[in-house]
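This report concerns only the one structure given below.
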Amino acid sequence: MVFSSAAFLYFFLPVVLGLYFAAPDRWKNLILLLASLFFYCYGEPAYCPLLLVSSFLGYLHGIWIGKTRGTRCARIALISSIVTITGLLVFFKYTNFFIKNLNIIAHTKLPLLKIALPLGISFYSFQILSYTIDLYRGRAGVQRSFLNFATYVAMFPQLIAGPIVRYTTVEKELARRSHTLEGFARGVSRFVTGLSKKVLIANTLGELGDIFTRLEQPTVLFCWLTVFAFMLQIYFDFSGYSDMAIGLGRIFGFHFPENFNYPYISRSITEFWRRWHISLSSWFRDYVYIPMGGNRVPAMAWMRNIFIVWFLVGFWHGAAWNYIIWGLFFAVFLILEKCFIKRLLGRLPSFFAHLYALFFLTLSFAIFNAEGPGQGMAHILGMFGFRDVPLASAETIYYLKSYLYVFLVAVIGATPLPAAMIKKIRSRETGEKIINLLEPAANTGLLLLSTAYLIDGSFNPFLYFRF
């Protein structure tokens, strides 16, 4: 089940909301957990036990760490937690990748295992690890209720594709949280905004990628259009999902962290990663990069740390070499920016810094969107006319004109401009009243329009489900 589906919007969610708000406070977590398990089992029934087992292992390791805190046994418990949870993630997500590469290197013919990637395992594994690591560090309290802990791990708003919610963020709200009409309204508004971004913009841009795969004669212009469309699609797809998750969390009384902050206005690769998938980049910073010494080590060790972290960031996204290359691509630029590029850009007008960031981000997403390194390189060569393809064609111009309005809406929507305009209108008393009056009508209209698109169309994937 996905958020952008009629089954979720008009059956699952209304029933869960009715049961949740009708139940007394002591039953709310149970309702939320049962709803989350149903939500997960609806799409992945075979791997629902894995979710529960992972939750139980995280819970038991938390109890173990809590009872032995301050002793050597607590460290053993932490290592056991990391090995166990990471081991499950590696087995289900990367085993076939290792077998394939071993067959290539050693010329063996080992059979691939018949295992599918469990939905959300990359996200809920990191959430469990954040709990046990923070508990060991003394930054979190022991959760003695398995119900509460399982609710944290399996909570359906952020279960499948994040944001990665740390236990410390919702620790108090798991025990007690407030529900207000204002919070509910803000949650609904945020959810509808995310749904609209996903259905009306991301899905429409995704159609261009499908068209490109069916083209008999690609062109240089279409190669660029495809990458631009994918960059905007994945932003509106993933940030839209994060908006929906944050909105649902607010409805149920939780405050999830922001996950995006207009990343395409960045003036460097370093700034981009402070704005893109914030919960992931901050997770690797706090639980991998800093424990290795961060940048408070000699230069060579710092570079090693950067390469290790970004190798892992790329590998986290998928069991394929193009994701690893994508991560290492950013490692190189983060090092170069620290050494001299940022100083150079600081002497130039900000326009050139934006251009620099967007250019190399475009190349990175050509690698990211490929089926493998070879296809990624071929696409980049096509972008620069090295594949003996024409600059443009009548077909390319037709599709450019057909999708131009979507590109314009997406580009404007990827900047702070719309939010700044609304904020300026709200700054006046009359404007605040107008916005408050129009907002419910606008949300209703967007919900109905998104529903119409969902019923009429068939292209509705969530890109980050595969990670």
Accessible area of the stretch 183-466 with a 1.4 Å probe: how many percent of it is carbon plus sulfur? 67 percent
Heads up, the stretch 140-277 by the C-alpha gyration tensor (a ≥ b ≥ c square roots of eigenvalues; a/c under 1.5 rounded, else a/b over b/c prolate, else oblate) looks prolate
Only Lys, Arg, Asp and Glu count, each charged at its Cβ (+1, +1, -1, -1), so figure out the dipole size of the chain about its Cα centre, rounded to 20 debye. 1680 debye
Can you compute the charge dipole magnitude of the stretch 6-177 about its Cα centre, using +1 on each Lys and Arg Cβ and -1 on each Asp and Glu Cβ, nothing else charged? Give it in debye, rounded to the nearest 20. 520 debye
The farthest towards the positive end of the charge dipole of the stretch 183-466, of the residues LEU200, ILE269, ASN295, given +1 on Cβ of Lys and Arg and -1 on Cβ of Asp and Glu, is ASN295
Between ALA116, LEU30, LEU174, whose Cα lies farthest towards the positive end of the dipole of the stretch 6-177 when Lys and Arg beta carbons carry +1 and Asp and Glu beta carbons carry -1, centred on the Cα centre? LEU174
Please go through the residue pairs LYS100/LYS197; LYS93/LYS172; LYS342/LYS424; LYS172/LYS198; LYS401/LYS424; LYS197/LYS423 and name each one whose alpha carbons sit more than 26 Å apart in this structure. LYS100/LYS197; LYS93/LYS172; LYS342/LYS424; LYS172/LYS198; LYS401/LYS424
A correct Stokes-Einstein calculation for the chain, using the alpha-carbon Kirkwood radius, 20 °C and 1.002 mPa s, returns a whole-number D in µm² s⁻¹ of 89 µm²/s
Give a residue-ordered list of calculated ³J(HN,Hα) values for the stretch 400-413 (Karplus: 6.51 cos²θ - 1.76 cosθ + 1.60, θ = phi - 60°; whole Hz; x for Gly, Pro). 4, 5, 5, 9, 4, 5, 5, 4, 4, 4, 5, 4, 5, x
With a cap of 13 neighbouring Cβ atoms within 10 Å, and only residues DSSP puts in a loop, list the trypsin sites (Lys or Arg not before Pro) found in the stretch 55-129. LYS109, LYS114
Spherically averaged projected area in nm², based on the convex hull that wraps the Cα atoms of the stretch 91-187: 9.1 nm²
As straight-line cross-link partners of LYS67, the qualifying aspartates and glutamates (C-alpha separation under 16 Å, not fewer than 8 residues apart within one chain) are ASP134
Quick one: the Cα spread of the stretch 18-75 along its three principal axes, in angstroms, biggest first? 47, 31, 8
Judged on accessible area alone, 1.4 Å probe, highest first, ARG343, ARG214, ARG387, ARG250 line up as ARG214, ARG343, ARG387, ARG250
Could you provide, to the nearest whole Å², the per residue accessible area of the stretch 182-277 with probe 1.4 Å? 30 Å²
Over the Cα atoms of the stretch 1-129, how large are the radius of gyration and the largest Cα-Cα distance (Dmax), in Å? 19.2, 62
Quick one: with all protein chains in place, what share of the accessible area of the stretch 1-142 is carbon or sulfur, to the nearest percent (1.4 Å probe)? 71 percent
Those chymotrypsin sites (Phe, Trp or Tyr not before Pro) from the stretch 371-407 that are DSSP loop and have at most 13 other Cβ neighbours within 10 Å turn out to be PHE384, PHE386
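The values are calculated or read from the model by the stated rules, or taken from the named source; none is laboratory data. All values reported here derive from a predicted model rather than from experimental measurement. Neighbour counts are summed over all protein chains in view; Cβ atoms, including those assigned to glycine, are modelled from backbone coordinates with ideal geometry. The area values use the complete protein model at the heavy-atom level, side chains included, leaving out ligands, DNA and RNA. Shrake-Rupley method; radii C 1.70, N 1.55, O 1.52, S 1.80 Å.
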